[in-house]
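The values are calculated or read from the model by the stated rules, or taken from the named source; none is laboratory data. Since the structure is predicted, the reported quantities are computational estimates derived from the model, not experimental observations. Note: ideal-geometry Cβ built from the backbone for every residue, glycine included; neighbour counts use all protein chains shown.
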Amino acid sequence: SPPPAAWVRSTFLDFFRQEHGHLLVPSSPVRPRGDPSLLFVNAGMNQFKPILLGTADPRSSMSAYRRVVNSQKCVRAGGKHNDLEDVGRDLTHHTFFEMLGSWSFGDYFKVEACSMAWSLLTEHYGIPADRLYVSYFAGDAAARLPADEETRRIWLDIGVPPSRLLPFGLKENFWEMGDSGPCGPCTEIHYDHVGGRDAAALVNADSPDVVEIWNLVFMQYNREPDQNLCPLPRVSVDTGMGLERLVSVLQGTRSTYDTDLFTPLLQAIHQRSRVGPYGGRTGEADQGRVDMAYRVVADHIRTLSICIADGVHPGMSGAELVLRRILRRAVRFCVQVLQAPQGSLASLVPTVTHILGDVYPELHSEADRVMDVINDSEAHFLSSLHQGSRLILRTLSSKDYKHGVFPASVVWSLHRDLGFPLDLVDLMLDERGVKVDCEELDRLMAESHKVSSDLHSGVQSQVMLDVLSLAELQRLAVPHTDDSLKYQYSLE
Ligand code: ATP
Ligand code: MG
Ligand code: MG
Ligand code: MG
């Protein structure tokens, strides 16, 4: 029978700890500590950035770290690594996921890192070598970065056939933490779910059949805020593997949602819904986007639980604004697509705690607070949603309504007074075959922006943060310009 996720996680940690002398370091909270370049912790290495940069306090225990292993809570829903738009649509990206990581800080380098990874995957997890493909950095002339021939040789020596060893450029095989920060060439291991064929063309091609599972980064540079690359004081190894993807490989499914990390959640969602059970369909086959809704809700409730437990609440700027959007997206899919009653979302928190609470005990201790925050935010949004629906119906039956064209002033008031993301208004009107008077809406928005030009004097109007787009905010030079704002309009 397939191994449970708990075994997969502990086998990784034990392998590096017991067999290769790595120190087990707990996951850091998902709220980055003292790093304004980040919205959320997006990789295991974030908490070790000072070691990589050589700026760790020499009196801290961290400064003595040489070999480290951990399982890190990561959120990729804003900033350089933003997967929010893919979540629900595909079967491999989550907003919250666990990254299994191993590090060598100035200790061993490429040879050992590659052989440890290969031995763990093929011997301990028993993954057939002929299902694995390896990519390495092809170099980039414009950036004056050489190809990583050394790593290619190492993989050949390990026994990876040349046909499965593939060069890729900056985008795939040069890893960077954010717009600035530690970076370097990387080599990645991909798994072919099908087998018995040459799948090289499917590597890094967004195919559901071949997925990237493990990234081994050879940290060599720091990307300075002016975008220059500076060599680090010493080179390090930083590896990260998505637990959910590894578990899906070992449990023989091509979807992370069909593993024991998610199936109890999908079942709990089904119990609360008024639609059929989860069917695993994507794209066109997913009529009414029911399966997508299941995935979105399952993903988002994990993210909400983890983030709120770590003290990030749905709010009005930065990471908190992203979380607010995640919450509203979850509520909409839950209520409108899955037809689950109010309160369903929060009622899933015990299931999340049941699945992840042994590894991240703050889920246990914070569970009540997490549920309260979710219920409050849901109630707040639902009352707007109901009020808005009523306002729309009233307008449609009023005398002023010209057939087929909805008055912009009502859209504007839905948005300004009830905090409706504009695309939600659009969606709700679209469902009734109604269009918005866009010209008039633009005029109203422009007018309101003129009024709001005192924004950068520090007056942070909630309404305006809700209303302005990223470009508009940048024009007004308001200090909330992270790209999380790009997504606040869209609920899907
Ligand atoms: P992808 O190309 O699939 O988006 P990535 O190259 O952005 O992944 P890395 O930054 O290299 O990912 O992160 C290391 C590993 O973390 C990946 O190989 C993958 O196993 C896992 N991972 C990355 N993003 C996600 C995500 N959104 N959800 C689940 N696992 C992820
Ligand atoms: Mg990615
Ligand atoms: Mg990738
Ligand atoms: Mg990668």
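Conditions tested, residue by residue: (1) under 28 Å from residue 52 (Cα atoms); (2) within 16 Å of ligand 1 (Cβ to nearest atom); (3) over 26 Å from the mean Cα position of the chain (by Cα).
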{"residue": "99", "(1), (2), (3)": "yes, yes, no"}
{"residue": "102", "(1), (2), (3)": "yes, yes, no"}
{"residue": "118", "(1), (2), (3)": "yes, yes, yes"}
{"residue": "141", "(1), (2), (3)": "yes, no, yes"}
{"residue": "155", "(1), (2), (3)": "yes, no, yes"}
{"residue": "161", "(1), (2), (3)": "no, no, yes"}
{"residue": "169", "(1), (2), (3)": "yes, yes, no"}
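Looking only at residues of segment 199-229 that are within 16 Å of ligand 2 (Cβ to nearest atom) and at positive phi, we find that the one that is nearest to the chain's Cα centre (by Cα) is 206. Would you be able to say whether some residue in segment 14-23 is within 24 Å of the chain's Cα centre (by Cα) and surrounded by fewer than 21 Cβ atoms within 10 Å (Cβ to Cβ)? The answer is no, given that none of the residues of segment 14-23 is within 24 Å of the chain's Cα centre (by Cα) and surrounded by fewer than 21 Cβ atoms within 10 Å (Cβ to Cβ). Restricting to segment 121-130, count the residues that are more than 26 Å from the chain's Cα centre (by Cα) and either assigned to a helix (DSSP H, G or I) or outside the structural domain of residue 152 (by TED's automatic domain parsing) (or both). The number of residues fulfilling the criteria is 5. Quick check, is residue 394 more than 28 Å from residue 307 (Cβ to Cβ), modelled with pLDDT of 90 or more and out of contact with any Asp or Glu (no Cβ under 9 Å at 6 or more places or on another chain)? Yes.
Listed here are the residues, each with its yes/no results for (1) modelled with pLDDT of 90 or more; (2) among the aromatic types (Phe, Trp, Tyr); (3) closer than 20 Å to residue 272 by Cα; (4) in a helix (DSSP H, G or I).
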residue: 335; (1), (2), (3), (4): yes, no, yes, yes
residue: 342; (1), (2), (3), (4): yes, no, yes, no
residue: 353; (1), (2), (3), (4): yes, no, yes, yes
residue: 358; (1), (2), (3), (4): yes, no, no, no
residue: 370; (1), (2), (3), (4): yes, no, yes, yes
residue: 411; (1), (2), (3), (4): yes, no, no, yes
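For segment 192-201, the criterion of a residue being under 20 Å from residue 229 (Cα atoms) and touching a helix residue (DSSP H, G or I) at 6+ places or on another chain (Cβ under 7 Å) is satisfied by no position.
Let's see how each residue does on (1) hydrophobic (A, V, I, L, M, F, W, C); (2) modelled with pLDDT of 95 or more:
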site	(1), (2)
30	yes, yes
34	no, no
37	no, no
58	no, no
80	no, no
83	no, no
91	yes, yes
113	yes, yes
123	no, yes
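Tallying residues that are at pLDDT 95 or above and in a helix (DSSP H, G or I) within segment 283-318 yields 21.
Here 290, 237 are screened, and the one residue that is away from ligand 2 (no atom under 16 Å from the Cβ), out of contact with any strand residue (DSSP E or B) (no Cβ under 6 Å at 6 or more places or on another chain) and β-branched (Val, Ile, Thr) is 290. Taking the criterion of being in a loop (DSSP other than H, G, I, E, B) and either away from ligand 4 (no atom under 16 Å from the Cβ) or not assigned by TED's automatic domain parsing to the domain that holds residue 182 (or both), the residues of segment 59-82 that qualify are 59, 60, 65, 66, 78.
Number of residues in segment 243-269 that are within 16 Å of ligand 4 (Cβ to nearest atom) and either closer than 22 Å to residue 344 by Cβ or touching a Ser or Thr at 6+ places or on another chain (Cβ under 8 Å) (or both) equals 4.
Please state which one of 90, 107, 83 is of a type outside the set (S, T, N, Q) and free of Cβ contacts under 8 Å to residues at least 40 places away in the same chain. Spell out the reasoning first.
On the way: 90 fails: free of Cβ contacts under 8 Å to residues at least 40 places away in the same chain; 107 fails: free of Cβ contacts under 8 Å to residues at least 40 places away in the same chain.
That would be 83, the only listed residue that is of a type outside the set (S, T, N, Q) and free of Cβ contacts under 8 Å to residues at least 40 places away in the same chain.
For residue 142, are the conditions met, namely being in a loop (DSSP other than H, G, I, E, B), more than 16 Å from ligand 3 (Cβ to nearest atom), among the aliphatic types (A, V, I, L, M) and out of contact with any strand residue (DSSP E or B) (no Cβ under 8 Å at 6 or more places or on another chain)? Give the steps one after another, and end with the answer.
Values: in a loop (DSSP other than H, G, I, E, B): yes; more than 16 Å from ligand 3 (Cβ to nearest atom): yes; among the aliphatic types (A, V, I, L, M): yes; out of contact with any strand residue (DSSP E or B) (no Cβ under 8 Å at 6 or more places or on another chain): yes.
Judged against the criteria, residue 142 is a match.
In segment 42-72, the qualifying residues are those that are among the hydroxyl-bearing types (Ser, Thr, Tyr) and in contact (Cβ under 8 Å) with a residue 24 or more places away in the chain, and the one that is farthest from residue 82 (Cα to Cα) is 65.
Please tell me if residue 169 is in the same structural domain as residue 40 (by TED's automatic domain parsing), more than 23 Å from residue 256 (Cβ to Cβ), away from ligand 2 (no atom under 16 Å from the Cβ) and without any contact (Cβ under 8 Å) to a residue 60 or more places away in the chain.
Numbers: in the same structural domain as residue 40 (by TED's automatic domain parsing): yes; more than 23 Å from residue 256 (Cβ to Cβ): yes; away from ligand 2 (no atom under 16 Å from the Cβ): no; without any contact (Cβ under 8 Å) to a residue 60 or more places away in the chain: yes.
When the stated conditions are applied, residue 169 does not pass them.
The residues in segment 55-79 that are of a type in the set (D, E, K, R) and within 16 Å of ligand 2 (Cβ to nearest atom) can be counted, and the count is 1.
Residue selection: residue 147 fails the criterion of being within 27 Å of the chain's Cα centre (by Cα), more than 16 Å from ligand 2 (Cβ to nearest atom), of a type outside the set (Ser, Thr, Tyr) and not in a strand (DSSP E or B). The set of residues from segment 221-238 being free of Cβ contacts under 8 Å to residues at least 60 places away in the same chain and within 16 Å of ligand 1 (Cβ to nearest atom) comprises just one member, 223. Here residue 207 clears all of (1) more than 15 Å from ligand 3 (Cβ to nearest atom); (2) out of contact with any helix residue (DSSP H, G or I) (no Cβ under 7 Å at 6 or more places or on another chain); (3) more than 19 Å from residue 118 (Cβ to Cβ) except the condition numbered (1).
From the residues in segment 192-210 that are closer than 17 Å to residue 130 by Cα and free of Cβ contacts under 8 Å to residues at least 40 places away in the same chain, which one is farthest from ligand 4 (Cβ to nearest atom)? If you could, list the steps in order and put the result at the bottom.
Our first condition is that a residue be closer than 17 Å to residue 130 by Cα; within segment 192-210, this holds for 192-203, 209-210.
Okay, now just the ones that are also free of Cβ contacts under 8 Å to residues at least 40 places away in the same chain, so 194, 196-198, 201-202.
Details: 194: 21, 196: 25, 197: 23, 198: 22, 201: 18, 202: 15 Å.
Looking at residues that are closer than 17 Å to residue 130 by Cα and free of Cβ contacts under 8 Å to residues at least 40 places away in the same chain, I get 196.
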